[in-house]
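To start, the structure itself, in structure tokens.
The values are calculated or read from the model by the stated rules, or taken from the named source; none is laboratory data. Since this is a predicted model, take the numbers as computed values, not measurements. Cβ placement follows ideal geometry from the backbone for every residue including glycine, while neighbour counts extend to all protein chains displayed.
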Amino acid sequence: QPRKRPVFHPDVVARLEQFFAKRRYINAEQQYELAKEINMTEEQIKSWLHNKRTAMKRKL
């Protein structure tokens, strides 16, 4: 069975969108701090930003 896709709280998504608007890429230190701040894993943040960049490219 496939894993269920996590649904993030709107506040978390808003914070990720806010970060993405300023910077499309994240370094390890920022990733660690953001993960602590919004209670996500660093891997989830990395994947979210990657998916967001990919979606933006597809829109163009």
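Structure notes:
- Residue check for Lys57: loosely packed, with under 11 Cβ neighbours inside 10 Å, more than 12 Å from the chain's Cα centre (by Cα) and in a helix (DSSP H, G or I): yes
- Meets criteria (free of Cβ contacts under 8 Å to residues at least 12 places away in the same chain and outside any helix (DSSP H, G or I)) for Val7: yes
- In the stretch 1-25, the residue that is modelled with the highest pLDDT out of those that are loosely packed, with under 10 Cβ neighbours inside 10 Å and hydrophobic (A, V, I, L, M, F, W, C) is Ala21.
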